[in-house]
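Some notes on the structure that comes next.
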Amino acid sequence: MDIQLKRGLLDVCVLAAIKDKESYGYQIIKDIKPYTEMSESTLYTILKRLENAQMLTVRTEEYGGRLRKYYRITQSGMKRIEEFKEDWKEILSIYKFVTKEDNENE
Amino acid sequence: MNKQEFLSRLKEKLPANEDTQECLSFYSEMIDDRKEEGMSEEEAVAEIGTVESVLSQILSEIPLSKLVKETVKPKRSLKAWEIVLLILTSPVWISLLIAAFVIVISVYIVIWSLLISLWAIEVGFALGVVYLAVYVVVFITQGRMLQSAAYFGASIAFVGISILMFFVCKKASKGTLVLSKKIAEGIKLIFIRKRVAQ
């Protein structure tokens, strides 16, 4: 898949993983796993990017004698998800148009 | 490889800045969370991937200018004799550095001047059409029909050539842009590979 496209998609993926309640790194990886493979290093750069864009906030909490970082979505993060859904409607309709002839030929 | 080895090897190769500690604690947390699920430390580290792959991913997110600055910047302060040596050898390394820089710039200039000359030819043909068209009219007013017809034919040919040239120029412009971008990316990759291999 186009790298630029996939990058944008994975950003939204991570936002969706923390949409309902805050989550931590490994949990995010596990939640996304059934849908798409994401490596730790990819997740790290995405979290960093989203934090810089203020789409999520980070909080450090002690857990079992060590520190763990929890990520919480912000208003603009929520907005990003909504934008994605809107964009996707348009993409889906384009997809339908692109594959129209394939379906008619079948 | 155990967690300690993994983290210390990563630390060695990461650019020394404010994010280093944050990055290390992220991977440390990742390994601990896996261990908690019952994985052995070795298995957990193996699932994270190699130090090299982690490093490439992190470095590719850093802009080239920052990467160059950090690569050039020494990791420790220089000793007195090293500074003396650097100054004494400066006629050599400064000129080498300038030469490398100039080579990169001249590659860009050569590519872009090729493109500019292509467009110049295109503009030349387009202007030629206007020039010939003016003469067609002039010859008609003078009643020199044969010359007028000849110039009209020539101008039609020029129109054809300039339309063809326009598409060639457009393709070439796009290609040049892509090529310029590829060269910039290539230079960045060299820096990343160097860092990863160190």
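Evaluate region A:51-70: report whether one residue or more is surrounded by 12 or more Cβ atoms within 10 Å (Cβ to Cβ) and part of a helix (DSSP H, G or I). Yes: region A:51-70 contains one or more residues that are surrounded by 12 or more Cβ atoms within 10 Å (Cβ to Cβ) and part of a helix (DSSP H, G or I).
Taken over region A:37-84, the residue count meeting the criterion of being under 15 Å from A:Leu10 (Cβ atoms) and of a type in the set (S, T, N, Q) is 4. Looking only at region B:21-44, residues that are surrounded by 15 or more Cβ atoms within 10 Å (Cβ to Cβ) and either of a type outside the set (Lys, Arg) or in contact with a Cys (Cβ under 9 Å, 6 or more places away or on another chain) (or both) come to 14 in all. For region B:167-188, a residue qualifies if it is among the basic types (Lys, Arg) and within 12 Å of the chain's Cα centre (by Cα), and the qualifying residues are B:Lys181, B:Lys182, B:Lys188.
Going by the conditions given, is A:Thr99 β-branched (Val, Ile, Thr), away from chain B (no Cβ under 14 Å) and farther than 20 Å from A:Val14 by Cβ? Break it down into steps so the answer makes sense when it comes.
Values: β-branched (Val, Ile, Thr): yes; away from chain B (no Cβ under 14 Å): yes; farther than 20 Å from A:Val14 by Cβ: yes.
Yes; evaluated as a whole, the condition is true for this residue.
Taken over region B:14-36, residues that are facing another protein chain (nearest Cβ under 8 Å) and either over 36 Å from the mean Cα position of the chain (by Cα) or among the aromatic types (Phe, Trp, Tyr) (or both) amount to 6.
Exactly one residue out of B:Glu42, B:Glu22, B:Glu5 is assigned to a helix (DSSP H, G or I), within 20 Å of B:Glu61 (Cβ to Cβ) and not hydrophobic (A, V, I, L, M, F, W, C), and it is B:Glu22.
Of everything listed in (1) surrounded by 13 or more Cβ atoms within 10 Å (Cβ to Cβ); (2) out of contact with any Cys (no Cβ under 9 Å at 6 or more places or on another chain), the single unmet condition for B:Ile121 is (2).
The residue that is modelled with the lowest pLDDT, counting only those in region A:57-70 that are more than 10 Å from every other protein chain (Cβ to nearest Cβ) and touching a Phe, Trp or Tyr at 6+ places or on another chain (Cβ under 9 Å), is A:Glu61. For A:Gln54, the requirement of being away from chain B (no Cβ under 13 Å) and over 13 Å from the mean Cα position of the chain (by Cα) is met.
Among the residues of region A:71-84, are any within 14 Å of chain B (Cβ to nearest Cβ) and either surrounded by 10 or more Cβ atoms within 10 Å (Cβ to Cβ) or touching a helix residue (DSSP H, G or I) at 6+ places or on another chain (Cβ under 8 Å) (or both)? Please lay out each step first, then the result.
So in region A:71-84, the residues within 14 Å of chain B (Cβ to nearest Cβ) come out as A:71.
Keeping just the survivors that are either surrounded by 10 or more Cβ atoms within 10 Å (Cβ to Cβ) or touching a helix residue (DSSP H, G or I) at 6+ places or on another chain (Cβ under 8 Å) (or both) gives A:71.
Yes.
With respect to being within 30 Å of B:Lys13 (Cβ to Cβ), under 26 Å from the mean Cα position of the chain (by Cα) and not small (Gly, Ala, Ser), B:Ile192 fits the description. Residues in region B:45-64 that are of a type in the set (Gly, Ala, Ser), within 11 Å of chain A (Cβ to nearest Cβ), part of a helix (DSSP H, G or I) and without any contact (Cβ under 8 Å) to a residue 60 or more places away in the chain: B:Ser53 only. Within region A:37-50, the set of residues being assigned to a helix (DSSP H, G or I) and among the polar types (S, T, N, Q) comprises A:Ser41, A:Thr42, A:Thr45.
Among the residues of region B:108-142, those identified as of a type in the set (Val, Ile, Thr) and closer than 27 Å to B:Leu164 by Cα are B:Ile109, B:Val110, B:Ile111, B:Ile116, B:Ile121, B:Val123, B:Val129, B:Val130, B:Val134, B:Val136, B:Val137.
So is B:Leu132 free of Cβ contacts under 8 Å to residues at least 60 places away in the same chain, outside any loop (DSSP other than H, G, I, E, B) and in contact with a helix residue (DSSP H, G or I) (Cβ under 6 Å, 6 or more places away or on another chain) or not? Against the criterion (free of Cβ contacts under 8 Å to residues at least 60 places away in the same chain, outside any loop (DSSP other than H, G, I, E, B) and in contact with a helix residue (DSSP H, G or I) (Cβ under 6 Å, 6 or more places away or on another chain)), B:Leu132 qualifies. The residues listed here are B:Lys171, B:Lys188, B:Lys182; of these, the one that is loosely packed, with under 12 Cβ neighbours inside 10 Å and either within 17 Å of B:Val107 (Cα to Cα) or of a type in the set (Phe, Trp, Tyr) (or both) is B:Lys182.
Here is a yes/no grid of residues against (1) at pLDDT 85 or above; (2) buried (at least 17 other Cβ atoms within 10 Å of the Cβ); (3) more than 24 Å from B:Lys188 (Cβ to Cβ):
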site: B:Ala16; (1), (2), (3): no, no, no
site: B:Asp19; (1), (2), (3): no, no, no
site: B:Ala46; (1), (2), (3): yes, no, yes
site: B:Ser65; (1), (2), (3): no, no, no
site: B:Lys73; (1), (2), (3): no, no, no
site: B:Ser77; (1), (2), (3): no, no, yes
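The values are calculated or read from the model by the stated rules, or taken from the named source; none is laboratory data. Note that this is a predicted model, so its numbers are computed, not measured. Every residue, glycine among them, receives a Cβ derived from its backbone with ideal geometry; neighbour counts consider all protein chains shown.
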